[in-house]
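The values are calculated or read from the model by the stated rules, or taken from the named source; none is laboratory data. Everything quoted here is computed from the prediction, not taken from an experiment. Here the Cβ positions follow ideal geometry from the backbone for every residue, glycine too, while neighbour counts run over all protein chains shown. Side chains are part of the model used for accessible areas, which takes the heavy atoms of the whole protein and leaves out ligands, DNA and RNA. Shrake-Rupley method; radii C 1.70, N 1.55, O 1.52, S 1.80 Å.
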Amino acid sequence: MNTYQNFNKSLENRFIKYAKIDTQSDPESPTCPSTEKQKNLAIELVKELLQLGIEDAHMDDNGYVYATIPATTDKNVPVICFCSHMDTSPDCSGENVKPIIHKNYNGNDIILPDDESIIIKLAEHKDLQNQLGNDIITASGTTLLGADNKAGVAEIMEAAAFFAQNKEVKHGTIKILFTPDEEIGRGVDKANLKKLAADFGYTIDGETLGSIEDETFSADGARLTINGVSSHPGFAKGKMESAIKILAEILDKLPKDGLTPETTEFKEGFIHPVSIKGQVEHAEAQFIIRDFTDEKLQSHANVIKEVSELVLKNYPNSNYNLNVKAQYRNMKQILDKYPKVVEYGILAIERAGIKAKKQSIRGGTDGSRLSYMGLPCPNIFAGEHAFHSKQEWVSVQDMEKAVQTIINIACIWEENS
(Lines give C-alpha, C1' and ligand atoms only; values in the text may rest on other atoms or scores of the structure.)
Protein backbone atom coordinates (compact mmCIF):
# COMPACT_ATOMS: atom_id res chain seq x y z
CA MET A 1 0.00 0.00 0.00
CA ASN A 2 1.44 3.36 -1.00
CA THR A 3 0.16 5.72 1.69
CA TYR A 4 1.95 8.89 0.73
CA GLN A 5 0.35 11.67 -1.24
CA ASN A 6 2.34 14.36 -3.01
CA PHE A 7 3.12 17.19 -0.57
CA ASN A 8 5.92 18.62 -2.71
CA LYS A 9 5.21 22.31 -2.10
CA SER A 10 4.33 21.88 1.57
CA LEU A 11 7.56 19.97 2.26
CA GLU A 12 9.64 22.48 0.31
CA ASN A 13 8.13 25.38 2.25
CA ARG A 14 8.67 23.67 5.60
CA PHE A 15 12.30 23.01 4.89
CA ILE A 16 13.01 26.56 3.70
CA LYS A 17 11.33 28.00 6.79
CA TYR A 18 13.44 25.84 9.10
CA ALA A 19 16.67 26.44 7.15
CA LYS A 20 16.34 30.19 7.67
CA ILE A 21 16.35 29.80 11.47
CA ASP A 22 19.91 29.95 12.82
CA THR A 23 20.43 26.94 15.10
CA GLN A 24 24.22 26.57 15.07
CA SER A 25 25.52 24.77 18.16
CA ASP A 26 28.62 25.77 20.12
CA PRO A 27 31.10 23.18 21.46
CA GLU A 28 32.61 25.73 23.86
CA SER A 29 29.32 26.41 25.64
CA PRO A 30 28.52 24.38 28.78
CA THR A 31 24.75 24.94 28.58
CA CYS A 32 22.02 22.74 27.15
CA PRO A 33 21.17 23.64 24.50
CA SER A 34 24.61 25.05 23.83
CA THR A 35 23.00 28.04 22.07
CA GLU A 36 19.71 29.57 23.10
CA LYS A 37 18.80 30.23 19.46
CA GLN A 38 18.20 26.52 18.91
CA LYS A 39 15.05 26.98 20.94
CA ASN A 40 13.67 29.30 18.25
CA LEU A 41 13.24 26.33 15.93
CA ALA A 42 11.98 24.13 18.76
CA ILE A 43 9.28 26.68 19.60
CA GLU A 44 8.19 26.83 15.95
CA LEU A 45 8.01 23.04 15.72
CA VAL A 46 5.90 22.78 18.88
CA LYS A 47 3.54 25.44 17.53
CA GLU A 48 3.10 23.56 14.26
CA LEU A 49 2.60 20.20 16.01
CA LEU A 50 -0.09 21.70 18.25
CA GLN A 51 -1.79 23.17 15.18
CA LEU A 52 -1.87 19.64 13.73
CA GLY A 53 -3.81 18.53 16.80
CA ILE A 54 -0.90 16.70 18.46
CA GLU A 55 -1.88 17.73 21.95
CA ASP A 56 1.13 16.75 24.03
CA ALA A 57 3.75 18.49 21.85
CA HIS A 58 6.14 20.48 24.02
CA MET A 59 9.69 21.70 24.48
CA ASP A 60 11.45 20.92 27.74
CA ASP A 61 13.89 23.21 29.57
CA ASN A 62 16.84 21.77 27.66
CA GLY A 63 15.36 22.48 24.23
CA TYR A 64 14.22 18.94 23.36
CA VAL A 65 10.89 18.60 21.54
CA TYR A 66 8.60 15.66 22.36
CA ALA A 67 5.29 14.73 20.73
CA THR A 68 2.97 11.74 20.44
CA ILE A 69 0.81 10.75 17.46
CA PRO A 70 -1.84 8.40 18.94
CA ALA A 71 -2.36 4.93 17.50
CA THR A 72 -5.14 4.37 14.97
CA THR A 73 -5.26 0.59 15.43
CA ASP A 74 -6.42 -1.83 18.10
CA LYS A 75 -3.36 -4.01 17.56
CA ASN A 76 -0.57 -4.15 20.13
CA VAL A 77 2.10 -2.40 18.05
CA PRO A 78 5.56 -1.46 19.34
CA VAL A 79 5.91 2.29 19.90
CA ILE A 80 8.10 3.76 17.16
CA CYS A 81 10.09 7.00 17.51
CA PHE A 82 11.31 9.20 14.66
CA CYS A 83 14.19 11.50 15.61
CA SER A 84 16.13 14.32 13.99
CA HIS A 85 18.38 17.06 15.35
CA MET A 86 17.69 20.75 15.12
CA ASP A 87 21.20 22.19 15.38
CA THR A 88 23.59 22.86 12.52
CA SER A 89 27.34 22.39 12.53
CA PRO A 90 29.71 24.97 14.03
CA ASP A 91 32.06 24.24 11.11
CA CYS A 92 30.33 26.75 8.84
CA SER A 93 28.14 29.79 9.44
CA GLY A 94 24.41 29.18 9.80
CA GLU A 95 23.46 32.86 10.13
CA ASN A 96 21.25 34.48 7.50
CA VAL A 97 20.87 31.33 5.40
CA LYS A 98 19.31 32.15 2.02
CA PRO A 99 17.91 28.95 0.50
CA ILE A 100 17.76 28.88 -3.30
CA ILE A 101 15.59 26.45 -5.27
CA HIS A 102 17.13 25.28 -8.54
CA LYS A 103 14.09 23.96 -10.37
CA ASN A 104 14.37 21.10 -12.85
CA TYR A 105 18.11 20.55 -12.41
CA ASN A 106 19.76 20.23 -15.83
CA GLY A 107 23.11 18.63 -14.94
CA ASN A 108 25.23 21.79 -15.00
CA ASP A 109 27.54 22.92 -12.22
CA ILE A 110 25.68 25.13 -9.73
CA ILE A 111 27.33 28.52 -9.10
CA LEU A 112 26.15 30.12 -5.86
CA PRO A 113 25.35 33.81 -6.34
CA ASP A 114 26.63 35.39 -3.13
CA ASP A 115 30.12 33.91 -3.62
CA GLU A 116 30.68 32.73 -7.17
CA SER A 117 33.84 30.89 -6.11
CA ILE A 118 31.55 28.37 -4.39
CA ILE A 119 30.57 25.95 -7.16
CA ILE A 120 28.71 22.68 -6.68
CA LYS A 121 30.36 20.67 -9.43
CA LEU A 122 28.72 17.65 -11.00
CA ALA A 123 32.14 15.97 -11.24
CA GLU A 124 32.62 16.27 -7.47
CA HIS A 125 29.07 15.51 -6.34
CA LYS A 126 28.30 12.14 -7.91
CA ASP A 127 24.75 11.97 -6.53
CA LEU A 128 23.82 14.98 -8.65
CA GLN A 129 23.89 12.61 -11.61
CA ASN A 130 20.70 11.07 -10.22
CA GLN A 131 18.94 14.42 -9.82
CA LEU A 132 18.23 15.43 -13.41
CA GLY A 133 14.81 17.04 -13.55
CA ASN A 134 14.59 17.32 -9.76
CA ASP A 135 14.46 20.48 -7.67
CA ILE A 136 17.74 21.14 -5.83
CA ILE A 137 17.92 23.45 -2.81
CA THR A 138 21.23 25.12 -1.92
CA ALA A 139 22.35 28.04 0.21
CA SER A 140 23.59 31.22 -1.47
CA GLY A 141 27.35 30.74 -1.03
CA THR A 142 28.13 32.38 2.31
CA THR A 143 26.62 29.82 4.71
CA LEU A 144 25.79 26.18 5.01
CA LEU A 145 22.25 25.19 4.07
CA GLY A 146 21.31 23.23 7.19
CA ALA A 147 19.85 20.22 5.38
CA ASP A 148 21.85 18.37 8.02
CA ASN A 149 19.48 17.89 9.73
CA LYS A 150 16.60 20.22 8.94
CA ALA A 151 15.77 17.98 5.99
CA GLY A 152 15.08 15.25 8.54
CA VAL A 153 13.10 17.62 10.75
CA ALA A 154 10.96 18.76 7.79
CA GLU A 155 10.38 15.15 6.69
CA ILE A 156 9.21 14.04 10.13
CA MET A 157 6.96 17.09 10.37
CA GLU A 158 5.50 16.36 6.94
CA ALA A 159 4.83 12.76 7.96
CA ALA A 160 3.17 14.03 11.15
CA ALA A 161 0.93 16.27 9.04
CA PHE A 162 0.02 13.30 6.85
CA PHE A 163 -0.99 11.16 9.83
CA ALA A 164 -2.97 14.04 11.35
CA GLN A 165 -4.90 14.46 8.11
CA ASN A 166 -5.34 10.75 7.30
CA LYS A 167 -6.54 9.04 10.45
CA GLU A 168 -7.83 6.09 8.44
CA VAL A 169 -4.22 4.98 7.90
CA LYS A 170 -3.45 2.27 10.46
CA HIS A 171 -0.40 2.68 12.65
CA GLY A 172 0.66 2.24 16.25
CA THR A 173 1.67 5.00 18.64
CA ILE A 174 4.32 7.23 17.07
CA LYS A 175 6.73 9.34 19.09
CA ILE A 176 8.60 12.37 17.76
CA LEU A 177 11.90 13.54 19.23
CA PHE A 178 13.83 16.59 18.05
CA THR A 179 17.19 17.09 19.74
CA PRO A 180 19.65 19.97 20.14
CA ASP A 181 23.46 19.79 20.00
CA GLU A 182 23.91 16.60 17.95
CA GLU A 183 26.66 18.25 15.93
CA ILE A 184 28.79 18.72 19.04
CA GLY A 185 28.23 15.19 20.35
CA ARG A 186 25.63 16.00 22.99
CA GLY A 187 22.43 15.29 21.08
CA VAL A 188 20.91 12.83 23.54
CA ASP A 189 22.75 13.86 26.72
CA LYS A 190 19.52 15.00 28.32
CA ALA A 191 16.95 13.06 26.29
CA ASN A 192 14.31 11.62 28.63
CA LEU A 193 13.72 8.12 27.29
CA LYS A 194 11.34 7.29 30.12
CA LYS A 195 9.11 10.16 29.01
CA LEU A 196 9.60 9.23 25.35
CA ALA A 197 8.45 5.66 26.12
CA ALA A 198 9.32 4.22 22.68
CA ASP A 199 10.36 0.65 21.87
CA PHE A 200 12.33 1.28 18.68
CA GLY A 201 13.48 4.34 16.81
CA TYR A 202 14.76 5.68 13.50
CA THR A 203 16.94 8.73 13.13
CA ILE A 204 16.27 10.55 9.85
CA ASP A 205 19.75 11.92 9.25
CA GLY A 206 21.33 10.02 6.36
CA GLU A 207 22.62 11.09 2.99
CA THR A 208 21.95 9.23 -0.25
CA LEU A 209 18.45 8.29 -1.39
CA GLY A 210 17.59 4.78 -0.21
CA SER A 211 20.33 4.43 2.37
CA ILE A 212 19.77 2.82 5.75
CA GLU A 213 22.70 2.71 8.13
CA ASP A 214 22.88 0.04 10.81
CA GLU A 215 26.55 0.55 11.64
CA THR A 216 28.51 3.57 12.81
CA PHE A 217 32.00 4.29 13.98
CA SER A 218 32.84 3.59 17.57
CA ALA A 219 34.27 6.80 18.93
CA ASP A 220 36.61 8.02 21.66
CA GLY A 221 37.85 11.48 22.48
CA ALA A 222 41.39 12.00 23.77
CA ARG A 223 43.23 14.88 25.41
CA LEU A 224 47.02 14.82 25.27
CA THR A 225 48.58 17.13 27.84
CA ILE A 226 52.28 18.08 27.79
CA ASN A 227 53.88 19.54 30.90
CA GLY A 228 57.09 21.28 29.89
CA VAL A 229 59.62 23.48 31.69
CA SER A 230 59.35 27.25 31.44
CA SER A 231 62.25 29.63 31.82
CA HIS A 232 63.03 33.24 30.98
CA PRO A 233 63.92 33.08 27.27
CA GLY A 234 67.03 35.17 27.84
CA PHE A 235 68.41 32.60 30.27
CA ALA A 236 66.76 29.43 28.96
CA LYS A 237 69.78 27.50 27.64
CA GLY A 238 69.82 24.00 29.08
CA LYS A 239 66.67 24.72 31.10
CA MET A 240 63.63 25.36 28.91
CA GLU A 241 61.63 22.44 27.52
CA SER A 242 58.81 24.06 25.58
CA ALA A 243 55.52 22.17 25.84
CA ILE A 244 54.42 23.81 22.58
CA LYS A 245 57.43 22.46 20.68
CA ILE A 246 57.14 19.03 22.29
CA LEU A 247 53.49 18.82 21.29
CA ALA A 248 54.31 19.95 17.75
CA GLU A 249 56.95 17.24 17.50
CA ILE A 250 54.51 14.58 18.65
CA LEU A 251 51.89 15.68 16.14
CA ASP A 252 54.50 15.68 13.38
CA LYS A 253 55.52 12.10 14.18
CA LEU A 254 51.97 10.70 14.09
CA PRO A 255 51.18 8.64 10.96
CA LYS A 256 50.68 10.66 7.78
CA ASP A 257 50.07 7.96 5.15
CA GLY A 258 47.32 6.25 7.14
CA LEU A 259 45.26 6.61 10.31
CA THR A 260 44.14 10.09 9.23
CA PRO A 261 40.74 11.24 7.89
CA GLU A 262 42.31 12.39 4.64
CA THR A 263 43.94 8.99 3.92
CA THR A 264 41.22 6.55 4.99
CA GLU A 265 37.85 5.31 3.70
CA PHE A 266 35.32 2.50 4.09
CA LYS A 267 36.08 0.52 7.29
CA GLU A 268 39.42 2.21 8.02
CA GLY A 269 39.71 4.17 11.25
CA PHE A 270 41.77 7.21 12.14
CA ILE A 271 43.35 9.49 14.75
CA HIS A 272 42.44 13.13 14.19
CA PRO A 273 43.73 16.14 16.18
CA VAL A 274 40.94 18.72 16.21
CA SER A 275 42.35 21.50 18.41
CA ILE A 276 45.56 22.59 20.10
CA LYS A 277 46.36 25.24 22.66
CA GLY A 278 49.11 26.02 25.09
CA GLN A 279 52.03 27.98 26.45
CA VAL A 280 55.67 27.08 27.07
CA GLU A 281 54.91 25.31 30.34
CA HIS A 282 51.68 23.55 29.38
CA ALA A 283 50.13 22.55 26.05
CA GLU A 284 47.38 20.21 25.01
CA ALA A 285 45.79 18.70 21.92
CA GLN A 286 42.28 17.32 21.58
CA PHE A 287 41.79 14.26 19.36
CA ILE A 288 38.92 12.24 18.03
CA ILE A 289 39.64 8.54 17.55
CA ARG A 290 37.39 6.51 15.25
CA ASP A 291 37.03 2.90 14.09
CA PHE A 292 34.35 0.22 13.80
CA THR A 293 35.59 -1.97 16.66
CA ASP A 294 36.41 -1.07 20.23
CA GLU A 295 39.68 -3.03 20.02
CA LYS A 296 40.96 -0.86 17.20
CA LEU A 297 40.11 2.27 19.17
CA GLN A 298 42.45 1.08 21.91
CA SER A 299 45.13 0.32 19.33
CA HIS A 300 44.85 3.84 17.88
CA ALA A 301 45.10 5.43 21.33
CA ASN A 302 48.25 3.38 21.90
CA VAL A 303 49.79 4.99 18.82
CA ILE A 304 49.46 8.42 20.45
CA LYS A 305 50.91 7.01 23.68
CA GLU A 306 53.88 5.36 21.96
CA VAL A 307 54.77 8.45 19.92
CA SER A 308 54.50 10.66 23.01
CA GLU A 309 56.84 8.41 24.99
CA LEU A 310 59.32 8.32 22.11
CA VAL A 311 59.46 12.12 21.84
CA LEU A 312 59.58 12.69 25.61
CA LYS A 313 62.78 10.64 25.85
CA ASN A 314 64.55 13.76 24.60
CA TYR A 315 62.96 15.97 27.27
CA PRO A 316 63.88 14.43 30.66
CA ASN A 317 62.21 17.11 32.78
CA SER A 318 58.88 17.08 30.94
CA ASN A 319 56.01 14.62 30.99
CA TYR A 320 52.70 13.89 29.32
CA ASN A 321 49.23 12.64 30.17
CA LEU A 322 46.81 11.00 27.74
CA ASN A 323 43.19 10.99 28.87
CA VAL A 324 40.85 8.91 26.68
CA LYS A 325 37.06 8.99 27.09
CA ALA A 326 34.39 6.97 25.31
CA GLN A 327 32.02 9.04 23.15
CA TYR A 328 29.76 6.48 21.43
CA ARG A 329 29.88 2.92 20.18
CA ASN A 330 28.98 1.11 16.97
CA MET A 331 25.21 0.70 17.06
CA LYS A 332 25.40 -2.53 15.05
CA GLN A 333 26.29 -4.36 18.26
CA ILE A 334 22.78 -3.49 19.51
CA LEU A 335 20.81 -3.57 16.26
CA ASP A 336 21.90 -7.10 15.43
CA LYS A 337 19.86 -8.20 18.45
CA TYR A 338 16.69 -6.65 16.95
CA PRO A 339 16.77 -7.56 13.23
CA LYS A 340 13.19 -6.47 12.52
CA VAL A 341 14.08 -2.83 13.10
CA VAL A 342 16.43 -2.80 10.11
CA GLU A 343 14.35 -5.28 8.07
CA TYR A 344 11.24 -3.08 8.31
CA GLY A 345 13.30 -0.02 7.41
CA ILE A 346 14.55 -1.73 4.26
CA LEU A 347 11.02 -2.86 3.37
CA ALA A 348 9.71 0.68 3.88
CA ILE A 349 12.34 2.10 1.53
CA GLU A 350 11.58 -0.51 -1.12
CA ARG A 351 7.85 0.08 -0.77
CA ALA A 352 8.59 3.71 -1.68
CA GLY A 353 9.94 2.43 -4.99
CA ILE A 354 13.61 2.84 -4.11
CA LYS A 355 16.46 0.35 -4.02
CA ALA A 356 17.50 0.07 -0.37
CA LYS A 357 21.21 0.42 0.39
CA LYS A 358 22.26 -0.96 3.78
CA GLN A 359 25.59 0.55 4.71
CA SER A 360 27.94 1.78 7.39
CA ILE A 361 28.45 5.42 8.24
CA ARG A 362 31.87 6.91 8.90
CA GLY A 363 30.51 8.93 11.74
CA GLY A 364 27.80 8.75 14.34
CA THR A 365 24.21 9.77 14.82
CA ASP A 366 21.95 10.33 17.79
CA GLY A 367 20.91 6.75 17.03
CA SER A 368 24.34 5.48 18.05
CA ARG A 369 23.86 6.54 21.63
CA LEU A 370 20.10 6.00 21.69
CA SER A 371 20.72 2.36 20.79
CA TYR A 372 22.95 1.94 23.84
CA MET A 373 20.45 3.83 26.00
CA GLY A 374 17.82 1.20 25.26
CA LEU A 375 16.24 2.52 22.04
CA PRO A 376 17.55 0.50 19.05
CA CYS A 377 17.76 3.08 16.32
CA PRO A 378 19.16 2.76 12.76
CA ASN A 379 19.60 5.78 10.52
CA ILE A 380 17.39 6.47 7.46
CA PHE A 381 18.31 8.76 4.56
CA ALA A 382 17.17 12.39 4.67
CA GLY A 383 18.70 13.38 1.33
CA GLU A 384 21.29 15.82 2.69
CA HIS A 385 24.60 16.15 0.83
CA ALA A 386 27.94 17.98 1.33
CA PHE A 387 26.92 18.76 4.89
CA HIS A 388 28.92 21.14 7.11
CA SER A 389 29.89 23.17 4.03
CA LYS A 390 28.78 26.03 1.82
CA GLN A 391 28.20 23.48 -0.97
CA GLU A 392 25.50 21.67 0.99
CA TRP A 393 22.44 20.68 -1.05
CA VAL A 394 19.29 18.60 -0.91
CA SER A 395 16.74 17.40 -3.45
CA VAL A 396 13.05 18.07 -2.81
CA GLN A 397 12.16 14.79 -4.52
CA ASP A 398 14.58 12.84 -2.29
CA MET A 399 13.00 14.47 0.75
CA GLU A 400 9.59 13.36 -0.49
CA LYS A 401 10.83 9.78 -0.67
CA ALA A 402 12.08 10.09 2.91
CA VAL A 403 8.62 11.20 4.04
CA GLN A 404 7.11 8.25 2.23
CA THR A 405 9.60 5.94 3.94
CA ILE A 406 8.72 7.30 7.39
CA ILE A 407 5.03 6.70 6.75
CA ASN A 408 5.72 3.23 5.40
CA ILE A 409 7.76 2.28 8.46
CA ALA A 410 4.87 3.10 10.77
CA CYS A 411 2.42 1.18 8.60
CA ILE A 412 4.68 -1.87 8.29
CA TRP A 413 5.07 -2.20 12.06
CA GLU A 414 1.26 -2.13 12.36
CA GLU A 415 0.75 -4.68 9.58
CA ASN A 416 3.20 -7.12 11.15
CA SER A 417 1.93 -6.85 14.72
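Results for (1) farther than 22 Å from D291 by Cβ; (2) hydrophobic (A, V, I, L, M, F, W, C), shown as yes or no for each residue.
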position	(1), (2)
P316	yes, no
L322	no, yes
A326	no, yes
K355	yes, no
D366	no, no
F381	yes, yes
A402	yes, yes
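Output the residue which, of all residues in the range 187-210 that are crowded, with 21+ Cβ neighbours inside 10 Å and among the charged types (D, E, K, R), is farthest from T365 (Cα to Cα).
So the residue we want is E207.
From the list A356, A326, A352, A348, exactly one residue is over 21 Å from G258 (Cα atoms), among the small types (G, A, S) and at pLDDT below 95. Which is it?
A326
For A57, are the conditions met, namely being touching a Gly at 6+ places or on another chain (Cβ under 8 Å), among the aliphatic types (A, V, I, L, M) and closer than 21 Å to A161 by Cα?
No; evaluated as a whole, the condition is false for this residue.
Could you check A42 against (1) small (G, A, S); (2) modelled with pLDDT of 95 or more; (3) touching a helix residue (DSSP H, G or I) at 6+ places or on another chain (Cβ under 7 Å) and say which number it fails?
Every listed condition holds for A42 apart from (3).
Tally up the residues in the range 132-151 that are part of a loop (DSSP other than H, G, I, E, B), under 16 Å from F387 (Cα atoms) and open to solvent by 10 Å² or more (accessible area, probe 1.4 Å), please.
Of the residues in the range 132-151, 1 are part of a loop (DSSP other than H, G, I, E, B), under 16 Å from F387 (Cα atoms) and open to solvent by 10 Å² or more (accessible area, probe 1.4 Å).
Among E262, E295, E284, which is among the charged types (D, E, K, R) and touching a Gly at 6+ places or on another chain (Cβ under 7 Å)?
E284
Would you be able to tell me the number of residues in the range 244-302 that are over 23 Å from G185 (Cβ atoms), out of contact with any strand residue (DSSP E or B) (no Cβ under 9 Å at 6 or more places or on another chain) and not in a helix (DSSP H, G or I)?
3
May I ask you to verify whether L370 is of a type in the set (A, V, I, L, M, F, W, C) and farther than 25 Å from H171 by Cα?
no
Yes or no: the range 120-131 includes at least one residue that is in contact (Cβ under 8 Å) with a residue 60 or more places away in the chain, over 21 Å from H388 (Cβ atoms) and within 19 Å of the chain's Cα centre (by Cα).
No; the residues of the range 120-131 include none that is in contact (Cβ under 8 Å) with a residue 60 or more places away in the chain, over 21 Å from H388 (Cβ atoms) and within 19 Å of the chain's Cα centre (by Cα).
Inspect all residues belonging to the range 154-177 and state whether any of them is over 30 Å from H272 (Cα atoms), of a type outside the set (S, T, N, Q) and without any contact (Cβ under 8 Å) to a residue 40 or more places away in the chain.
Within the range 154-177, not a single residue is over 30 Å from H272 (Cα atoms), of a type outside the set (S, T, N, Q) and without any contact (Cβ under 8 Å) to a residue 40 or more places away in the chain.
For the range 359-378: of the residues being among the aliphatic types (A, V, I, L, M) and either touching a Leu at 6+ places or on another chain (Cβ under 8 Å) or without any contact (Cβ under 8 Å) to a residue 12 or more places away in the chain (or both), which is surrounded by the fewest Cβ atoms within 10 Å (Cβ to Cβ)?
Ranking the qualifying residues of the range 359-378, first place goes to M373.
Given the range 1-118, what strands (runs of 3 or more DSSP E) lie entirely inside it while holding 2 or more residues that are surrounded by fewer than 22 Cβ atoms within 10 Å (Cβ to Cβ)?
By residue number, 65-69, 100-102.
Pick from the range 216-242 the residues that are out of contact with any Asp or Glu (no Cβ under 6 Å at 6 or more places or on another chain) and hydrophobic (A, V, I, L, M, F, W, C): which of them is nearest to G363 (Cα to Cα)?
F217
Could you tell me whether the range 211-232 includes any residue that is over 18 Å from G383 (Cα atoms), without any contact (Cβ under 8 Å) to a residue 60 or more places away in the chain and either open to solvent by 50 Å² or more (accessible area, probe 1.4 Å) or not in a loop (DSSP other than H, G, I, E, B) (or both)?
For the range 211-232, residues over 18 Å from G383 (Cα atoms), without any contact (Cβ under 8 Å) to a residue 60 or more places away in the chain and either open to solvent by 50 Å² or more (accessible area, probe 1.4 Å) or not in a loop (DSSP other than H, G, I, E, B) (or both): present.
Could you tell me whether the range 237-253 includes any residue that is among the charged types (D, E, K, R), within 18 Å of the chain's Cα centre (by Cα) and open to solvent by 40 Å² or more (accessible area, probe 1.4 Å)?
No - not one qualifying residue is present in the range 237-253.
Here are the criteria: (1) crowded, with 17+ Cβ neighbours inside 10 Å; (2) in contact with an Asp or Glu (Cβ under 9 Å, 6 or more places away or on another chain). Tell me which single one A123 does not satisfy.
Going through the list (1) crowded, with 17+ Cβ neighbours inside 10 Å; (2) in contact with an Asp or Glu (Cβ under 9 Å, 6 or more places away or on another chain), A123 breaks only (1).
So that you can scan it fast, the table gives a plain yes or no per residue for (1) in contact with a helix residue (DSSP H, G or I) (Cβ under 8 Å, 6 or more places away or on another chain); (2) surrounded by 14 or more Cβ atoms within 10 Å (Cβ to Cβ); (3) closer than 24 Å to G201 by Cα:
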position: E284; (1), (2), (3): yes, yes, no
position: H300; (1), (2), (3): no, yes, no
position: V311; (1), (2), (3): yes, yes, no
position: Y315; (1), (2), (3): yes, yes, no
position: N330; (1), (2), (3): yes, yes, yes
position: I380; (1), (2), (3): yes, yes, yes
position: A386; (1), (2), (3): no, yes, no
